[in-house]
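Derivation of every value follows stated rules applied to the coordinates shown; laboratory data play no part. All values derive from a computational prediction rather than experimental measurement. Cβ atoms come from the backbone with ideal geometry, glycine included; neighbour counts cover every protein chain shown.
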Amino acid sequence: MTTAQVAERELTFSQAVNEAIRQEMRRDPTVIILGEDIAGAAGRAHLGLIDAWGGPLRATRGLITEFGPERVLDTPVSEMGFVGAAVGAAMTGLRPIVEIMFVDLIGCCYDQLLNQAAKMHYMMGGQIQMPLVIRIPYGTRGGRLSYGGGAAAQHSQTLYAVLAHIPGLKVVVPSTAYNAKGLTIAAIRENGPVVVMEHKFLGTAAKGHVPEEPYTLPIGRAEVVRRGQDVTLCGIGRMTHLCLDAADRLAANDIRAEVVDVLTLAPLDEATILESVAKTRRLVVVDEDTPTASVARDIAARMADQAFDWLDAPIKTVTAPDTPVPFAAVLEAEYTPQIEHVLKTVSALFG
Amino acid sequence: MARAIRMPSMSMYMAEGTLVAWLCPSGSRVASGEAVAEVETEKATFALEAPVAGILHPVAHVGTTMPIEAVLGYVLSPGEEPPAPPSQSVALNPPKSDGIASGDLEAPPSGSAGGLRASPIARRLAGEHGLDLARMTGTGPAGRIVEADIRNALAAREKIAGGPMGAAAIRQRIPMAGLRRTIADRLRQGLAHAVPLTLTREVCADRLVAARKRHAVDGDRIGYDAWFIKLLAAGLRECPDLNATVTDDAILVWEDVHVGFAVAVPGGVVVPVIHHADTTPLSRLAALVRDLGRRAREGTLHPKDTSGGTITVTNLGASAIDAFTPILNPPQSAILGVGRIAERPVVADGGIVPGQTCVLSLTFDHRVSDGVPAARLLAVLARLLNDDAYLSDVAHAG
Amino acid sequence: MLTCDPQSTLTREQLLWLYDRMTLIRAFEERLKWLVETGVPAGPVHLYVGEEAVAVGVCAAMEPTDWIASTHRGHGHCIAKGVDVRRMMAELFGKATGTNRGKGGSMHITDVRVGMLGVNPIVGMGVTHAVGAALSAKVRHSSQVAAAFFGDGAANAGAVHEAMNLAAIWRLPVIFVCENNGYADATPVEYAVAGKAIADRAAAYGMPGAQADGQDVLAVRAAADLVIRRARAGQGPSLLECKTYRYYGHHQGDNPLRYRLPEEEHVARSRDCITMFRDQVLRERWLTAADLDAIDDRNQTLLDEAVRYAEASPLPSPAELYSNVYVEEHA
């Protein structure tokens, strides 16, 4: 491949996830995938109808054509049932990937994550493994429309805090096509349960060069995506891109922000964040989840403890408010953290 | 009246769409509901319909990606002029004239419930340097004392009071930087975990002195550094315990003997390394010592010249030092200090006679072994120094 | 299986109402499709076109004080139950005058004043709420009945089974109306649903199960009437499965030809519920063409008015983001 061709190999976030799953399913016949409409038109291959949807974000497009309905299973609307089935399959020799259509639906299967998948290995004294990957889209559109609305309270939430809170469950939040492929493959190869959160609206910011060969990125490692001196901005998922945009604007005002992409919520890479805060003396965590009992406040608390002797300003968080997601677009834009919120918070640290 | 054709929201997960084609030419008559453009999203391609009948006036270029509500074009009434370029009612990127709002933080009442407003790092630094926060004004938000305030106060204090010790005037301020800082940091870091202990032994050096005189090469006597490197390397073959490094969970005893030797240079000390000193002939050792020493003083050593050492020799004889406590060279576990060879009273056959002696000061890391192996190494060195045959072999080997 | 007589006599007003509601739903949904396609950012919408007879047939047999709970495909149920289309349109436009003050959108439209407990897009959950409404009626000794609408997809959700079991053991005044349109998103019912008919699942819970032709509003009404009377008389819940068909995709923007053959839609459209009812009432001379045309015109005018109302209405104020998070002490 020439350098030019390599540089042109740009994938979107969904394409990168698709490639990760596909390559792992080729490599390992015990990897299966289940979920609602991950293929679509189930049972209709004889009518010439197959692979109708490929998932709500097209991340599973084409898999059933390559791997067949034994390994790519459309499910009925039965989250508790099929997530539970995935748990059982993971205990008995398969490596299932299960998709929950969006995070707002975890209420329908939370027991399987909370009490079953996360705790089996522990409760059973290590007798079984749980190589289960749970892929979950999340997030608001968050853009600015002048009227109309988005997907409203039950189709727009972030909620990963209630997953990161469960001991035994690892939670990763990729932010680019590149780290989406690496983290998804890493999650599939993990022998314990891993939740992969996929923002529904990353858009072109997440598009980028993705190597063709399979690769993994370490789960539990945050990444410094921009170096700076004066303040650390910790971002999660789409908010990392917001932090990078904010850093550009801050630089014009002579504030050099360091941006850390958290990438793994549990187990959290405290060392990378600590090293950054010890250098910059200031921390702002940007998280589009609601704030009470959130990952943002968890990071803030850990750093308040570990980075205490280096802090030159209080630790701040920029989050959604403690409300449901409103339908009206003009309200959803206020609900979702925007660049103005970040800039205002950072500037207050410098007085 | 012109009616805008806007990017619709065509599915739950659509945030933007790409215009892939205009299906009718600009200026053509279109019916209400007629397909006029094709838009592509990640999920599907679909047709955009004219919202009313009229004349099509495309604006957006094929290939542009636009957010929902963006204007792609207009349907005009016949004869109507197209509107001015659309000012998008949707401001996705607010204008850069947004200054950073400052001072929005509500200042709490001064004194804030009796507590002093200082950041944690400011408090720590103030404590470390004996500054009184109560007598300082802060420049941080709401009058908080911040790190910059402490650093300024310290700098001012040095100017006024002449240094951290208070009364004395400063003659010169040497920045802790460069080689000096590197050495300081390395030593402190290395000694953070090591447990150093120094054993000393006065050894007879008569035979060494004689051997050196006898085996001068081209009138040049081989320097004591080379001799002691050779002797130490030989000693380690018999007593390998101290040729080692401590890691988190193991002691690694090295197979090879790479001996470093300390060289004083402007600004500090450098330790070039002679690899495989145990199998290197003495004359070659001497040549290496000369060459590396010269390059050390000139500052032209390569990293490979100073890396890989498993033990170090440091010779302060030229500075007329009798004995000392050399400091371990991390991550090594032993360092041999050589004092001056001088004429001293020696007890022999019940009487006191003059003799050439030298004190060997061996510092070792007590985590690697206790005193016995170190004493044994010194004993070996003492024995070798008194072995004419051995010294002769070493000199003749080459 | 229950049997019922679709020919039982309805008054002229009742027949006009059936036509009016079905055509109003059709007009609303078609207009909404047009608005979304031409740029109104109404968020995700799930159109009910083709299924009108089910919502209208069931609601025709209910009282204004009865309750219904619906699914994401809920505009039809809202209109059948009497929610104001202007306020529905305003809600879709995200305006402060909407049924939910702009806070809910298409997938949460609610109007408790007309007994609409809410559109609910978490599949199966609305069914449990309808059971709760029936429980409330029973405890308060009220004669209200609740109807839970759900689809063939929800028929596989655990919550629905738990709801049916609860309703049965407590003998609650609720009817379960399964709108089997053949698809859950892109997944066909013959793949996802075990057993021959969803109506058969009623037997597992000791309640009567019935099937009705969802394209025939009179048949639906008659069947609904029967099971609602049962419920209101304290005889407990029933399950009514109505076979129907959605002409468009799962949500606006979905291309159903990826998982459906075109012939299916042709067959369904050839049995269009509005066309069939219109033909029947004219053939039987229960109503005249003028009656029906007047209703058509009135509904189009109502739709125009609803759109103008929505366009002219104000946006919610920013403070609305924070209102009604907690339930305040005072109303």
Seminar exercise, completed: Counting sequence-distant residues (5 or more places) and residues on other chains, those with an amide H built under 5 Å from that of B:Gly355 are B:Arg344, B:Val346
Seminar exercise, completed: Computed about the Cα centre, the charge dipole of the stretch A:205-351 from +1 Lys/Arg and -1 Asp/Glu charges at the Cβ has a magnitude in debye, to the nearest 20, of 300 debye
For this session: Calculate the spin-label point distance for B:Ile251 paired with A:Thr92, positioning each point 7 Å from the Cα along the beta-carbon direction, and give it in nanometres.
Result: 5.5 nm
Seminar exercise, completed: By the mean-Cβ-within-10 Å protection proxy, highest first, B:228-237, A:116-125 rank as B:228-237, A:116-125
Problem set entry | the protein assembly as shown - mean residue ellipticity at 222 nm from DSSP helices (-39,500 (n - 2.57) per run, n ≥ 4, rounded to 500) | -10500 deg cm²/dmol
Problem set entry | Using alpha-carbon coordinates, inclination of helix B:178-191 to the longest axis of chain B, degrees | 80 degrees
For this session: Return the whole-Å distance between the Cα centroid of the stretch A:255-282 and the Cα centroid of the stretch B:118-150.
Result: 24 Å
Problem set entry | Per-residue mean of C-beta atoms belonging to partner chains within 10 Å, peptide A:20-27 | 0
Problem set entry | Average beta-carbon neighbours from other chains, 10 Å sphere, peptide C:88-97 | 3
Exercise. Which whole-number percent is the relative contact order of the stretch C:1-106 (Cα, under 8 Å, 6+ apart)?
Worked result: 25 percent
Problem set entry | Cα gyration tensor, chain C - rounded (a/c under 1.5), prolate or oblate | rounded
For this session: Return the distance in nm (one decimal) between the two label points of a simple spin-label model at A:Arg227 and B:Ala148, each offset 7 Å from Cα along Cα→Cβ.
Result: 2.3 nm
Exercise. Mean separation of Cα pairs under 8 Å and 6+ residues apart, divided by the residue count of chain C: what relative contact order is that in percent?
Worked result: 24 percent
Seminar exercise, completed: For the stretch C:239-252, in residue order, the Karplus 3J(HN,Hα) values (coefficients 6.51, -1.76, 1.60; θ = phi - 60°; whole Hz; Gly and Pro = x) are 10, 10, 9, 10, 7, 8, 7, 9, 6, 9, x, 4, 10, 4
Exercise. Does the stretch A:3-209 come out rounded, prolate or oblate, given a ≥ b ≥ c as the square roots of the eigenvalues of its C-alpha gyration tensor, rounded meaning a/c under 1.5 and, failing that, prolate meaning a/b above b/c?
Worked result: rounded
Exercise. Could you give the angle, 0 to 90 degrees to the nearest 10, between helix A:177-189's Cα long axis and the longest principal axis of the Cα atoms of chain A?
Worked result: 50 degrees
Exercise. Using a ≥ b ≥ c from the Cα gyration tensor of the stretch C:153-305 (square roots of the eigenvalues), is it rounded, prolate or oblate, where a/c under 1.5 gives rounded and otherwise the larger of a/b and b/c decides, a/b for prolate?
Worked result: oblate
For this session: Would you mind checking which residues have amide H under 5 Å from B:Val265's amide H? H placed 1.01 Å from N; only 5 or more apart, or other chain.
Result: B:Val270
Problem set entry | Gaussian network model of chain C, springs between alpha carbon atoms under 10 Å - residue of C:Gly57, C:Gly39, C:Gly206 with greatest fluctuation | C:Gly39
For this session: May I ask you to order C:17-27, B:277-287 by the average number of other C-beta atoms within 10 Å around their residues, highest value first?
Result: C:17-27, B:277-287
Exercise. Could you state the number of Å between the C-alpha centres of the stretch C:131-190 and the stretch B:199-233?
Worked result: 101 Å
For this session: Can you tell me the order of A:157-165, A:107-115, C:293-301, A:135-143 when each peptide is scored by its average per-residue count of other Cβ atoms within 10 angstrom, highest first?
Result: A:135-143, A:157-165, A:107-115, C:293-301
Problem set entry | Reachable aspartates and glutamates from A:Lys207, criterion Cα separation under 17 angstrom, eight or more residues apart if same chain | A:Glu8, A:Glu10, A:Glu19, A:Glu198, A:Asp245, A:Asp261, B:Glu16, B:Glu40, B:Glu42
Problem set entry | For the protein assembly as shown, size of Cβ-based charge dipole, Lys and Arg +1, Asp and Glu -1, in debye | 2600 debye
Exercise. Can you pull the mean other chain C-beta count within 10 Å for peptide A:49-58?
Worked result: 5
Problem set entry | Gaussian network model of chain C, Cα within-10 Å springs - most flexible of C:Ser270, C:Ser238, C:Ser70 | C:Ser270
Exercise. If you find the alpha carbon centre of the stretch C:42-106 and of the stretch A:119-138, how far apart are they in angstrom?
Worked result: 42 Å
Seminar exercise, completed: Expected max-MSF residue from B:Ile352, B:Ile121, B:Ile68 in the GNM of chain B (alpha carbon, under 10 Å) is B:Ile68
Problem set entry | Unit charges on C-beta of K, R, D, E only; dipole of the stretch A:3-209, Debye | 400 debye
Problem set entry | Value of relative contact order over chain B, rounded to a whole percent, pairs C-alpha under 8 Å and six or more apart | 13 percent
Exercise. In whole Hz, what ³J(HN,Hα) sequence does the stretch A:67-84 give by Karplus (6.51, -1.76, 1.60; θ = phi - 60°), x for Gly and Pro?
Worked result: 10, x, x, 6, 10, 10, 10, 6, 10, x, 7, 8, 4, 4, x, 7, 5, x
